[in-house]
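The values are calculated or read from the model by the stated rules, or taken from the named source; none is laboratory data. Keep in mind the model is a prediction, meaning the values are calculated, not measured. Cβ sites come from the backbone with ideal geometry, for glycine too, and all protein chains shown count toward neighbours. Please note that ligands, DNA and RNA were not included when accessible areas were found on the heavy atoms of the full protein model with its side chains. Shrake-Rupley method; radii C 1.70, N 1.55, O 1.52, S 1.80 Å.
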Amino acid sequence: MREKYPPETISLADTYDYIMRKEDIDKIFGYSVKMCWGWDEQKISPPLGYGNGLMVWPYRSSIHFMQDQCLRTDKKSVPNLGKLFDEYHHNITSKLLWWKDLVAPRAKLRARMWEGFEIYVGLNKKLRKMPNHTDGMILIGDAAGLESTELCDGVPAAWYSAEIAAQVAIEAIKANDVSKAFLKKYDDKVKAHSIIQWSIKGRNRYNLRIAQQEHDIKKLKKYIHQGWGLGSLTHFTTPFMKLLLAYVKEDPTIITKWIKMYFRYYQNWLHESYDYVKKKVIKVTASKRVRKKERKFLSTLRFIDLIMKSMLRIRRVLKIIIIPLSNSLNTLMRKSLPIIEPINSAIIKLLNPISNKLSNKMIKFVDKANPSIFYVY
Amino acid sequence: MVKTFKDFPGVQWVEGAGEFIKINDEKCIGCGNCVKVCLAGCFEIMEKKAKIKSLEKCMECAACWYVCQEEAIFFSWPPGGTGYKSDWG
Ligand SMILES: Cc1cc2nc3c(=O)[nH]c(=O)nc-3n(C[C@H](O)[C@H](O)[C@H](O)COP(=O)(O)OP(=O)(O)OC[C@H]3O[C@@H](n4cnc5c(N)ncnc54)[C@H](O)[C@@H]3O)c2cc1C
Ligand code: SF4
Ligand code: SF4
């Protein structure tokens with residue numbers, strides 16, 4: 001059904017798990033991920049150069065250090081990965097200041113593992129066009145080459161494609177037709193899915209190799225800005241809004257469900273309650289202040305639901321304003337970003353003390369709230 | 001039986017995987033690509049042909065299969081809960 005992917009589309013993710021106290025992780029990482037790119041001869045990222053990188057992110061009571069490198073770049077020869085990864089890991093842990101000074105004294109190696117992932121399949125037009133269905137079979141997620149070329153993640157696309165596959169499979173069973181001709185619907189829907197298509201075609205992460213080859217700091221900054229900074233709004237906003245609208249149309253309460261899920265995730269993180277099998281029970285505090293805040297939180301969510309439901313009722317608003325607006329958001333962003341960006345940085349600086357206070361308040365609330373208010377039914 | 005190795009902490013191998021990676025001698029041209037990408041050192045070149053030294057530290061990444069342009073490597077995941085496992089993601 002599909003051809004074998006060429007080595008330049010596959011990255012080997014060499015991942016180290018370092019145990020670290022949660023308080024240290026939160027302080028150093030501030031609930032986020034650290035990424036790193038450099039020139040190839042520095043060998044701090046990526047080992048042989050070009051388009052791969054280093055990511056360090058919190059994982060339970062540890063951090064995951066992932067260095068990744070394509071099995072071949074631009075059809076050049078296959079690198080000696082064993083040697084390069086060792087050299088690379090040594091350089092990062094002994095030369096990068098934030099690792100040496102902040103992380104190293106607090107971290108202890110617990111595990112090392114690696115895995116191949118199909119990072120750049122989507123950038124190859126021919127591979128992108130290969131079918132993901134045949135008689136009685138549908139491919140989803142990684143098997144269908146749907147990893148995000150930009151964000152290097154694959155769970156969202158695996159999830160979206162699984163959702164489409166389930167819908168098509170149910171239709172096929174009902175129609176008693178699992179032929180290739182019927183299952184083509186699946187590929188058509190995947191091709192029409194705004195986020196999947198956006199995520200398998202983004203070239204910013206890939207283009208870092210051009211900046212690295214040319215030692216061009218301006219280009220490096222440009223691709224980072226386009227890929228993960230505000231620049232991403234120029235290509236991400238339309239597909240995101242399209243998807244959001246599709247979900248809201250199906251279930252107007254989806255946004256508040258996502259908010260609850262996000263808060264629950266956060267609460268689980270704060271309480272180190274990860275495993276569903278041996279899940280730690282989060283204690284409920286008896287404070288009246290917390291109860292009052294919970295009521296406020298729930299009524300805000302109810303208000304959002306009400307707005308979404310009433311917006312859906314006014315279909316004309318949807319058709320005349322919201323849908324055309326969402327379709328042209330990328331263009332709008334392209335035009336307005338040069339103005340928005342400096343204003344945004346000024347506002348962020350100005351609001352920083354307030355937003356820091358607000359997020360600390362939010363974290364305290366999530367920490368103490370009754371877990372049941374974040375349940376989604 | 002479950003095995004572990006000092007140089008790859010936090011990982012266990014459940015034995016009984018069978019021949020989940022094989023080399024076709026007739027197709028192999030001894031280019032050494034498989035040797036270069038395998039972080040577990042599973043391959044070696046002997047008399048201009050790749051040979052499997054040992055698969056006991058193999059993490060089933062399939063890198064060897066991807067880089068073999070001669071299609072000389074057969075790869076499938078070890079069957080029935082055998083092979084590599086880790087609790088750390
Ligand atoms: C190191 C690393 C870090 C990553 N980090 C992120 C991240 O932070 N965020 C993110 O979104 N994505 C991340 N990804 C990508 C993400 O893990 C994958 O894109 C996603 O898991 C793909 O889901 P899937 O269901 O398509 O495939 P998989 O999760 O690979 O599921 C396929 C399943 O099929 C099973 N299987 C294989 N062969 C057989 C067989 N013959 N019979 C029965 N079962 C079989 C496998 O054991 C496996 O369980 C990461 C990937 C790697 C390698
Ligand atoms: S990559 Fe293939 S052809 Fe090259 S040495 Fe290994 S098995 Fe032989
Ligand atoms: S699958 Fe990965 S670890 Fe196993 S032999 Fe091949 S390259 Fe080595």
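Values for this structure:
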| quantity | calculated |
| --- | --- |
| Tally of residues being without any contact (Cβ under 8 Å) to a residue 24 or more places away in the chain and either under 18 Å from the mean Cα position of the chain (by Cα) or open to solvent by less than 10 Å² (accessible area, probe 1.4 Å) (or both) across region A:100-142 | 1 |
| Failed item, numbered, when residue B:86 is tested on (1) within 15 Å of ligand 1 (Cβ to nearest atom); (2) in contact with a Phe, Trp or Tyr (Cβ under 8 Å, 6 or more places away or on another chain) | (2) |
| Residues satisfying the stated conditions in region B:24-39, i.e. away from ligand 1 (no atom under 16 Å from the Cβ), within 14 Å of chain A (Cβ to nearest Cβ) and open to solvent by less than 50 Å² (accessible area, probe 1.4 Å) | B:30, B:32, B:33, B:34, B:38 |
| Among residues of region A:132-161, those that are within 14 Å of residue A:122 (Cα to Cα) and near ligand 1 (Cβ under 9 Å from one of its atoms), counted | 14 |
| Helices (runs of 4 or more DSSP H) wholly inside region A:143-258 containing at least 3 residues that are without any contact (Cβ under 8 Å) to a residue 12 or more places away in the chain and farther than 30 Å from residue A:371 by Cβ | A:155-174, A:180-192, A:217-228 |
| Residue B:44 being within 16 Å of ligand 2 (Cβ to nearest atom) and part of a loop (DSSP other than H, G, I, E, B) | no |
| Any hit, region A:161-181, residues being under 23 Å from the mean Cα position of the chain (by Cα), of a type in the set (Val, Ile, Thr) and surrounded by 12 or more Cβ atoms within 10 Å (Cβ to Cβ) | yes |
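Residue-wise test of (1) of a type outside the set (Gly, Ala, Ser); (2) outside the structural domain of residue A:53 (by TED's automatic domain parsing); (3) more than 23 Å from residue A:327 (Cβ to Cβ).
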| position | (1), (2), (3) |
| --- | --- |
| A:169 | no, yes, yes |
| A:190 | yes, yes, no |
| A:197 | yes, yes, no |
| A:200 | yes, yes, no |
| A:222 | yes, yes, yes |
| A:235 | yes, yes, no |
